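Quick note: the coordinates plus some simple rules give every number you see, no bench work behind them. Just so it is clear, the model here is predicted, and its values are computed rather than measured. For neighbour counting, all protein chains shown are included, and Cβ atoms are generated from backbone atoms with ideal geometry for every residue, glycine included.
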Amino acid sequence: MKKYLIAIGIIAILLIVLSYIGDISEENEKKRLFEESRQQKQTESSMDQLMKDIKYYENHPELLLSIEAALEDYIDMWRELENYYPYFGVAERLHGVKYREVKETYLEYINNKTGLGVLPMNINQ
């Protein structure tokens, strides 16, 4: 009789553990599905925003810059930052941010016409 009680106790414990494991994997699956859904919504909203931006600039061409104007503004901005902003060294020491790399990255971004609101050269003339 004692053996049966021990066997029933072990089986009960195993069932509890298995149901707990099942709950955990079910919860993980719910979290995974929620995260996938959230990421898809973010992607869709980013695309929606991009399309809105494109339509806005199509309706307001006076707001678009030529590449020459964008480059001139960008270079002027960096000249002012380099002359008057004293914390580039701190950002590099604390966070590893190299401002010259940032500057060059976005300079290429403008030169390659991948920025929204920048027109190819001489189109405004």
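If you take the square roots of the eigenvalues of the alpha-carbon gyration tensor of region 14-89 and sort them as a ≥ b ≥ c, do you get rounded (a/c under 1.5), prolate (a/b over b/c) or oblate? Oblate is the answer for region 14-89, as a/c is 1.5 or above yet b/c matches or exceeds a/b. The distance between label points at LYS52 and ARG79 comes to 3.6 nm (points 7 Å beyond Cα on the Cα→Cβ vector). Using a simple spin-label model with pseudo-atoms 7 Å out from Cα toward Cβ, ALA91 and SER45 lie 2.7 nm apart. Per-residue Cβ neighbour counts within 10 Å put LEU71, LEU5 in the sequence LEU5, LEU71, beginning with the fewest. Within the listed set LEU33, LEU64, LEU50, the Gaussian network model of the chain (springs between alpha-carbon atoms below 10 Å) gives the highest mean-square fluctuation for LEU33.
Total Lys pairs in the chain closer than 17 Å by alpha-carbon, pairs eight or more apart in sequence or interchain only? Walk me through the numbers on the way to the answer.
Values: LYS30/LYS41; LYS31/LYS41; LYS41/LYS52; LYS103/LYS113.
Lysine pairs meeting the criterion: 4.
Look at PHE34, PHE88 and count the other Cβ atoms within 10 Å of each Cβ; fewest to most, that gives PHE34, PHE88.
With a Förster radius of 41 Å applied to the C-beta separation of ARG38 and GLU62, the computed FRET efficiency comes to 0.65.
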